[in-house]
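For reference, the structure is listed below as structure tokens.
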């Protein structure tokens, strides 16, 4: 696949190196030619100096044959403009824009532009590391709205069906048992030592954990 990357900072240069190493063709655009030094001497893709939302610059970067575009400059407005040009003028479906303002990110996600809300995502990951009392989180989505968490099943839930711990905001996606993972079905029963992976909305995670700890009716809900 051909990928256009706009912005050759730490994120853009890392993406460029990793994509070329994976066998994809890459064109990196930046308005400062000295930024390309971050790509290293082994980078085999295109290096194009110019403004990322300039139509001619994008054409030179191969946007007409691209399968994806990532706009990762330091400016929210620039990234959104570039993403919209790629989507609306060139019909690129896989477009991702880095956004520092979480409120803006939410708006553009609703418009169908995938965003990475840098501040919110980063702060969420940092909090999970500096506050050990917070439950472990395996993965956080870029908008910091949904997490994948790992939970060891308490003894009072042994014998219950896995689906009984689910809520409208939390779903079990996998069960690890005796060192092997499996996708549970409606009849899967919780056994001693089970570790469960749950996809949950962050806002509902505390309530879900409280439900797991509850012994009411012998189950969490």
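The values are calculated or read from the model by the stated rules, or taken from the named source; none is laboratory data. Computed from a predicted structure; not experimentally measured. As a convention, Cβ positions derive from the backbone with ideal geometry for all residues, glycine included, and neighbour counts pool all protein chains shown.
So the values come out like this:
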item	result
Complete set of residues in region 1-46 that are touching a strand residue (DSSP E or B) at 6+ places or on another chain (Cβ under 6 Å), in a helix (DSSP H, G or I) and either buried (at least 16 other Cβ atoms within 10 Å of the Cβ) or touching a residue at least 40 places away in the same chain (Cβ under 8 Å) (or both)	12, 15, 16, 19, 20, 36
Selection status of residue 93, within 16 Å of the chain's Cα centre (by Cα), assigned by TED's automatic domain parsing to the domain that holds residue 50 and over 16 Å from residue 12 (Cβ atoms)	no
Residues of region 147-159 satisfying the condition of being buried (at least 18 other Cβ atoms within 10 Å of the Cβ) and either in contact with a strand residue (DSSP E or B) (Cβ under 8 Å, 6 or more places away or on another chain) or more than 13 Å from residue 193 (Cα to Cα) (or both)	147, 149, 151, 153
